[in-house]
Amino acid sequence: MTAADRPLGAPLPDFMPPPHPRGVTLSGHYGWLRPLRTADDAGPLFAHFKDSPWVFDYLGEAPPADVETLQSLLAAWAARADCEIFAIGAAGSIDPLGYACLMSVVPAAGDIEIGNVNLSPTLQRTPLATQAFGLMLAWAFEVGYRRVVWKCNALNAPSRRAAQRLGFSYEGVFRNHLIVKGRNRDTAWFAMTDSDWLVTGPAYAAWLDPRNFDDQGLQRTALGTLTAPHLVNRDPTL
């Protein structure tokens with residue numbers, strides 16, 4: 001058997017492990033991301049979440065009954081070594097409207113995940129929400145990550161739609177992957193690579209351009225329309 005019969009993958013002699021996202025701050029036209037401060041941010045976040053317990057349906061934690069419980073669960077995420085949890089807020093405001101993590105950080109492989117995303121109803125389906133994901137993606141690829149993962153409960157149709165709209169390509173379902181809150185979880189996996197970002201990055205820029213929105217704030221061209229041609233694999237459920 002010759003070496004040609006046993007392909008080993010492309011060599012990466014120039015790859016250097018990228019930095020951990022710890023302490024990173026990001027900003028754009030519509031808002032900002034900064035490391036979440038559990039003591040300061042739990043109150044404003046609880047005010048946005050308390051009347052919408054369903055935002056915790058697909059997260060690992062039950063809806064918190066009070067600010068102190070939310071602070072504790074956020075503190076657990078903030079303490080993880082493989083994670084940075086970001087508060088997300090609107091330009092001109094200091095209070096967060098939601099949070100998301102850059103997590104499962106593996107610098108040696110250039111692999112990182114956007115996960116534990118919890119957007120309040122105020123933040124959902126806004127240009128700021130999309131920009132927040134775009135800022136995390138841009139940072140990850142600019143500092144040298146090769147792959148950004150998005151994974152979710154396979155029953156979470158809104159998250160699967162969001163992944164595809166945001167330009168993440170479908171990679172499959174891990175069956176019986178986890179037990180969450182006493183229930184089985186099959187996990188749908190999506191990912192974007194550094195080469196994907198070369199074409200999806202400009203799609204984000206075009207969609208987020210203020211000229212893409214009319215006087216009522218309605219989009220002229222959908223982000224999904226701009227990212228669809230660049231998906232390597234589409235989610236068969238959508």
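The values are calculated or read from the model by the stated rules, or taken from the named source; none is laboratory data. Everything numeric here is computed off the predicted structure, so don't read it as measured data. Note that we place each Cβ from the backbone using ideal geometry, even for glycine, and neighbour counts take in every protein chain shown.
When only residues in the stretch 95-129 that are among the acidic types (D, E) and free of Cβ contacts under 8 Å to residues at least 40 places away in the same chain count, which is surrounded by the most Cβ atoms within 10 Å (Cβ to Cβ)? Don't jump to the end; show me each part of the working.
Quick first cut of the stretch 95-129, residues among the acidic types (D, E) only: 95, 111, 113.
Remaining after also requiring free of Cβ contacts under 8 Å to residues at least 40 places away in the same chain: 111, 113.
Details: D111: 17, E113: 21.
Checking each candidate, the answer is E113.
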Fill in the blank from the handout: Expected output for the stretch 160-171 (first residue at positive phi and crowded, with 22+ Cβ neighbours inside 10 Å, partner among the acidic types (D, E) and not in a loop (DSSP other than H, G, I, E, B), Cβ below 9 Å, 6+ apart or cross-chain) is G167/D196
Exercise for the section: Collect the residues in the stretch 219-238 that are within 30 Å of L155 (Cβ to Cβ) and either loosely packed, with under 12 Cβ neighbours inside 10 Å or in contact with a His (Cβ under 8 Å, 6 or more places away or on another chain) (or both), keeping them in residue-number order. Expected result: P229, R234, P236
Exercise for the section: Can you tell me which residue within the stretch 75-91, out of those that are within 20 Å of L135 (Cα to Cα) and touching a helix residue (DSSP H, G or I) at 6+ places or on another chain (Cβ under 7 Å), is surrounded by the most Cβ atoms within 10 Å (Cβ to Cβ)? Expected result: I88
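State yes or no: is G115 at pLDDT 95 or above, in contact with a Gly (Cβ under 7 Å, 6 or more places away or on another chain) and part of a strand (DSSP E or B)?
On the way: at pLDDT 95 or above: yes; in contact with a Gly (Cβ under 7 Å, 6 or more places away or on another chain): no; part of a strand (DSSP E or B): yes.
The answer is no for G115.
Rundown of residues vs (1) closer than 30 Å to S72 by Cα; (2) surrounded by 18 or more Cβ atoms within 10 Å (Cβ to Cβ); (3) free of Cβ contacts under 8 Å to residues at least 60 places away in the same chain, yes/no style:
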{"site": "A4", "(1), (2), (3)": "no, no, yes"}
{"site": "P7", "(1), (2), (3)": "no, no, yes"}
{"site": "A10", "(1), (2), (3)": "no, no, yes"}
{"site": "P21", "(1), (2), (3)": "yes, yes, no"}
{"site": "V24", "(1), (2), (3)": "yes, yes, no"}
{"site": "A42", "(1), (2), (3)": "yes, yes, yes"}
Practice task
Return yes or no: is G89 in a strand (DSSP E or B), more than 22 Å from Y58 (Cβ to Cβ) and modelled with pLDDT of 95 or more?
Solution key: yes
Exercise for the section: Report whether or not L178 is surrounded by fewer than 17 Cβ atoms within 10 Å (Cβ to Cβ) and among the hydrophobic types (A, V, I, L, M, F, W, C). Expected result: yes
